[in-house]
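The values are calculated or read from the model by the stated rules, or taken from the named source; none is laboratory data. What you see is a predicted model, and the numbers here were worked out from it, not measured in a lab. Cβ sites come from the backbone with ideal geometry, for glycine too, and all protein chains shown count toward neighbours. These accessible areas exclude ligands, DNA and RNA; they are computed on the full protein's heavy atoms, side chains included. Shrake-Rupley method; radii C 1.70, N 1.55, O 1.52, S 1.80 Å.
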Amino acid sequence: DGPRGNNDQIQDMRSDMWRSLDATFPGSSRLIDLGCGTGLDAVRMAKLGHFVTAVDWSPLMVRRTVDRAEREHVSDRIRSIAMGAHELQRLDGAGQYDGAYSNLGPLNCVPDLVDVSQQCARLMKPGAALVFTVIGRYCPWEIAHYVRRRRWARATVRFARHVVPVSMNNHTIWTRYYGPREFYRAFKQNFTLEHYRGLCVFSPP
């Protein structure tokens, strides 16, 4: 949880995401941050003049976002809510948002992306945009790392077609991995795909 994340690769991906957000959303947009974490993205967008509804399933993450917003003097532009991306039916403001974004994989942990799509469609203005980064299926370095250690199940975990348990910081996170088109299928009824690309596909994790 440094200025842009906790390692160089995360920082590079976050900077890339910020460039995409800046190219997509004009100043003073009303946005939803799905899986806000400690508020790095939300605070940065608020500093640029946007109004951000920052949601996260973890109350502790939301507390960190609130604290960061207070330290950076943008509390008036950030509304923080302890709510998962799978609970957007709780969010008011139908047709009032200019867009939504989600950075670095929170949507990999959502049980039903179709519901996320439907709720985003309910909340967005006509022509609104979604900008999402998700953890993909293909990571050559990770596969090589686990194959070398003969951890065959872990080497192939990204290719499962259902949710799988992933260990992180002594916790189990239920995760589903996606290819780009596979991810988009959950949104195609309500949104049109404009662009996708890989981030750090050939970088070591």
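Structure remark: mean-square fluctuation, Gaussian network model of the chain, C-alpha springs under 10 Å; the largest value among Asn190, Asn108, Asn170 belongs to Asn170.
In this structure, the amide hydrogen of Arg79, modeled 1.01 Å from its nitrogen in the peptide plane, lies closer than 5 angstrom to those of Val52, Thr53, Ala54, counting only residues at least 5 positions away or on a different chain.
Coordinate range of the alpha-carbon atoms in region 34-108 per principal axis, descending: 29, 26, 20 Å. The modelled label-to-label distance for the pair Leu199/Ala153, using points 7 Å beyond Cα in the direction of Cβ, is 3.0 nm. Ranked from largest to smallest solvent-accessible area, with a 1.4 Å probe on the protein heavy atoms, Lys188, Lys125 come out as Lys188, Lys125. Legend: residues Leu60, Leu34, sorted from most to least accessible area (1.4 Å probe; ligands, DNA and RNA excluded), read Leu60, Leu34. Here's how it looks for Leu104: its modeled amide H is under 5 Å from those of Thr133, which are all 5 or more places away or on a different chain.
Need the full-extension length gain, Ala23 to Asn7, defined as separation in residues times 0.36 nm minus the C-alpha distance. One decimal, nm.
So the extension gain works out to 3.3 nm.
With R₀ set to 25 Å, the beta-carbon distance separating Lys125 from Gln189 gives a calculated FRET efficiency near 0.90. Computed extension gain for His145 through Asp16, at 0.36 nm per residue and net of the alpha carbon distance, reaches 43.9 nm. Note on the chain: with neighbouring protein chains present and a 1.4 Å probe, carbon and sulfur make up 52 percent of its accessible heavy-atom surface.
Residues Cys120, Cys109, ordered by accessible area of protein heavy atoms at a 1.4 angstrom probe radius and largest first, appear as Cys109, Cys120. Here the Karplus relation 6.51 cos²θ - 1.76 cosθ + 1.60, evaluated at θ = phi - 60°, turns the backbone of region 161-171 into coupling constants of 9, 8, 5, 9, x, 10, 7, 8, 6, 6, 10 Hz, with x for every Gly and Pro.
Taking every alpha-carbon pair under 8 Å whose residues sit at least 6 apart, the chain reaches a relative contact order of 17 percent.
Restricting to bridges with both residues inside the chain, how much of the DSSP beta-bridge set is antiparallel, in percent to the nearest 5?
Here the antiparallel bridges make up roughly 20 percent for the chain.
Ligands, DNA and RNA are left out, and with a 1.4 angstrom probe the accessible area of the chain is 56 Å² per residue. Show me, for region 191-204, the HN-Hα J-couplings you get by feeding each phi into the Karplus relation (A = 6.51, B = -1.76, C = 1.60, θ = phi - 60°), rounded to Hz, glycine and proline as x. 3J(HN,Hα) across region 191-204, in whole Hz: 9, 9, 6, 9, 6, 8, 6, x, 10, 6, 4, 9, 9, x.
What's the whole-number percent of alpha carbon pairs in region 129-183 lying beyond 13 angstrom? Here the tail beyond 13 Å accounts for 65 percent of pairs.
Based on alpha-carbon atoms, the Kirkwood radius and the radius of gyration of the chain give Rg/Rh equal to 0.96. Where both bridge residues fall in region 88-205, DSSP classifies roughly 45% of the beta bridges as antiparallel.
Taking Cα atoms of region 65-184, Rg/Rh with Kirkwood Rh, to two decimals?
With Rh from the inverse mean 1/r over Cα pairs, Rg/Rh is 1.04.
Looking only at GluC sites (Glu not before Pro) in DSSP loops with at most 16 other Cβ atoms within 10 Å, what is the longest site-free stretch of the chain? Answer - 73-193.
Couplings for region 18-35, taken from phi via the Karplus curve 6.51 cos²θ - 1.76 cosθ + 1.60 with θ = phi - 60°, read 4, 4, 5, 5, 5, 6, 9, 10, x, x, 6, 6, 9, 10, 10, 9, 8, x Hz in order; Gly and Pro are left as x.
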